[in-house]
Every structure is written in structure tokens, then in C-alpha cells.
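Asks: The structure is given below, and queries will be raised subsequently.
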Amino acid sequence: MRQSDEHILIEAAKAGSSDAFADLVRLYQVRLLRFLLTRCASFADAEDALQDTFIAAYRYLNSYDPRWRFSTWLYRIAIRNAHKIRRENVVELGDLSDEESDPLVQCIASSEAENLWVSARRVLGDEVFAATWLRYAEDMSIKDISQALDRSTSWTKVNLLRARKALDADLNRQSEGAEVYG
Amino acid sequence: MDKLAEQLKRDAEMIDVKVSDDLERRIAASLQGLSPEREAPRQRPAVFWWASSLTGVTAALLLITVFNVRTEREELPQATRDTSPVATVVSPIIEWNAQSAMLTSPLRQELDDLQSDIDKARRKVRDDIGL
């Protein structure tokens, strides 16, 4: 969908068209749910966070600043909701080492190599993980990521660089392990 | 796009997610009773903050003035009737100028506290209206 079409939908939704907002929901729900799965301790939590995100977005649609990308604004709300739900449940993502309980692992198609996002969640901090996801899975610009995370652009640049180094190091460790034990 | 970026992109797409019909229904139902809230006018809070700040400062100044006037009108305490030698020696040491300067200190503190409360209220209002 083009930016102009999205803008038309947003304006219509602001005017009270629930159908227009329903189109926006359909446009973003899968992408947001995929992201929220990486941020929540269970599939149910991710679904709750998604629902809360759309409710908040619709309610406060008039405060949306069109200078931002709509997706940036949505991700910002989603990050807050995921954080809120995790704080209520007091579950650390690092504790989800058990594959049966990890919603992210359950949703990954079986593969010989470990999915990099599972490694990323293990080696990166919360915000750095989110920045990495927005950069590489969502192709967001540094500026948009900074806005979504409410951080400076220099923070985003530095931490994306660190994330890359950490992931590279983890990948090397994995490949060395595979050579030794393979 | 480099190798790592490509793999991250590919692995993100491998996360197989479907939004269930049940969740779609839940979202649609929760949006049904809602409508976008009107944006709060931004000028009114600024005027309100200024008005409340001025009121607070005026009230504090008024309190200081009233307290100072009262202090000036108060009579000096009667000299103690205790005839003990210690009391006779101690009573002339009192210096009224020094004492009155010290009595204004709590009001200055009160003024600072009021100003601090106003700042806190202002921050809270900003947080509340900001998303």
C-alpha cells in the first residue's frame, strides 16, 4: 500500500470511520503480532498486547503526528504495551529457555540452523533487540527507530552496531561449535 | 544488504504467525464502542499553568507579608521574673534582629515547596496529555 493510500485511511479513521481503521488493522496486524511475539512471554500475551495496541491507536488517533510514519507510531505503542504486560506478569524473556514455553520458538519453522532472532533475544538487551528488529525485519530508518524507542539517533546507531557485533560473535561461536561437534 | 542483514530478514520471515479469526473478532469488537478522542486544545493548559503559578507565588508573598507585619507588631516578651542569677545573666543576650531573620526562613521554605509542587503538577499534566 502506498503512503498516500495509508494517509487517506488515517484521515478517514480520524473522522470516525471504523471501516478505514479496520483496513489499517488488517494492514499491520501480522507484522505487529510477529514483533510482539518476540517481546512477550506467551502467545496469549502477544495477542493481548496487539489488541491493546489497536485500541490505544484508535482512541488516540487524533494525537498521531503525520510527520511520523504510521508504522513507527504503532510500534511505539506496541513496545509500551508489551512492556506493560511483561511487567504485570513478571516474566523475563531470558527465562524462556524451555522451547515448549517460548512462543517465538513455537512459531519458527523447523530448521537445522537456529533462527537468528532466538539468538538475538538471548544476547541482546530489550531495547537493543527492538532496535535491531525494527532495522532488519521492518527496514526502518535510524530516525524512525529513534522515534519509536524514544531514543537519540546516536544511541540507535551505536547500539545497532553493538548488536551486529554481538550477533556476529554468536554466529561464529555457533559455527565453531558445529565444526567441533558436527 | 550484507549477509547478516539478509539472514535477519529471512529469519524474521520464518516466524510463522497467523492472526486467528477469534483475535480478529476480539479486536473488531473492542474497537466498536470506541471513537477517536478529540485532541485537547494545547493553549489552555499553558494559560492554566501560568495562572496557577502566579496564584501560588502571590499567595506565598502574601503570607510572607502578613507574617512579617505580625512579627513587627508583637511586643517584646516580658523579662523573666525568675530571680535566679542564671536567668538574670541570660536575658540580655536576646537579639531581636537575628531572631526575626530566622523566622522568615520557614516561609521561604514554604515558597520553595509551593514552587516545587507547581513544577510537579506541570510535569504531571504534560505526561498525562502526551501519549
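The values are calculated or read from the model by the stated rules, or taken from the named source; none is laboratory data. Remember, it's a predicted structure, so these values are computed and weren't measured experimentally. Here Cβ is always computed from backbone atoms with ideal geometry, including for glycine, and neighbour counts include all displayed protein chains.
Asks: Quick check on segment B:22-38: of everything there that is within 7 Å of another protein chain (Cβ to nearest Cβ) and assigned to a loop (DSSP other than H, G, I, E, B), which residue is farthest from A:LEU33 (Cα to Cα)?
Replies: B:ARG38
Asks: Here's a follow-up. Out of the residues in segment A:61-108 meeting the condition of being at pLDDT below 90, at the interface with chain B (Cβ under 10 Å from one of its Cβ atoms) and buried (at least 17 other Cβ atoms within 10 Å of the Cβ), tell me which one is farthest from A:ILE8 (Cα to Cα).
Replies: By that ranking, first place goes to A:VAL105.
Asks: Could you please tell me which pairs satisfy a Cβ distance under 8 Å, a separation of 6+ or placement on different chains, a first residue in segment B:108-131 that is at positive phi, and a second residue that is surrounded by fewer than 14 Cβ atoms within 10 Å (Cβ to Cβ) and part of a helix (DSSP H, G or I)?
Replies: From segment B:108-131, no pairs qualify.
Asks: Moving to a separate point now. Taking the options A:ILE8, A:ILE85, name whichever one is touching an Asp or Glu at 6+ places or on another chain (Cβ under 6 Å) and not basic (Lys, Arg).
Replies: Testing whether each residue is touching an Asp or Glu at 6+ places or on another chain (Cβ under 6 Å) and not basic (Lys, Arg) leaves just A:ILE85.
Asks: Looking at A:GLU138, A:GLU127, which one is part of a loop (DSSP other than H, G, I, E, B) and either within 18 Å of A:ARG39 (Cα to Cα) or modelled with pLDDT of 90 or more (or both)?
Replies: A:GLU138
Asks: If we scan segment B:14-21, do we find a residue that is at pLDDT 65 or above and part of a helix (DSSP H, G or I)?
Replies: As a first pass, look at segment B:14-21 and keep what is at pLDDT 65 or above: B:14-21.
Add one more test, that the residue is part of a helix (DSSP H, G or I), and what stays is B:21.
Within segment B:14-21, one or more residues are at pLDDT 65 or above and part of a helix (DSSP H, G or I).
Asks: Turning to a different aspect of this structure: In segment A:24-42, which residues are surrounded by fewer than 18 Cβ atoms within 10 Å (Cβ to Cβ) and part of a helix (DSSP H, G or I)? Can you show your working first?
Replies: We begin by selecting, within segment A:24-42, every residue surrounded by fewer than 18 Cβ atoms within 10 Å (Cβ to Cβ); these are A:26-27, A:30-31, A:42.
Residues satisfying the conditions are A:ARG26, A:LEU27, A:VAL30, A:ARG31.
Asks: Here is a further query. Give me a count of the residues in segment A:125-164 that are more than 11 Å from every other protein chain (Cβ to nearest Cβ), free of Cβ contacts under 8 Å to residues at least 40 places away in the same chain and under 18 Å from A:ASN115 (Cβ atoms).
Replies: So the answer is 1.
Asks: Quick one: what pairs do we get from segment B:47-72, first residue closer than 18 Å to B:GLU110 by Cα and at pLDDT below 90, second hydrophobic (A, V, I, L, M, F, W, C) and outside any helix (DSSP H, G or I), C-beta under 8 Å, 6+ apart or different chains?
Replies: If the second residue must be hydrophobic (A, V, I, L, M, F, W, C) and outside any helix (DSSP H, G or I), no pairs are left.
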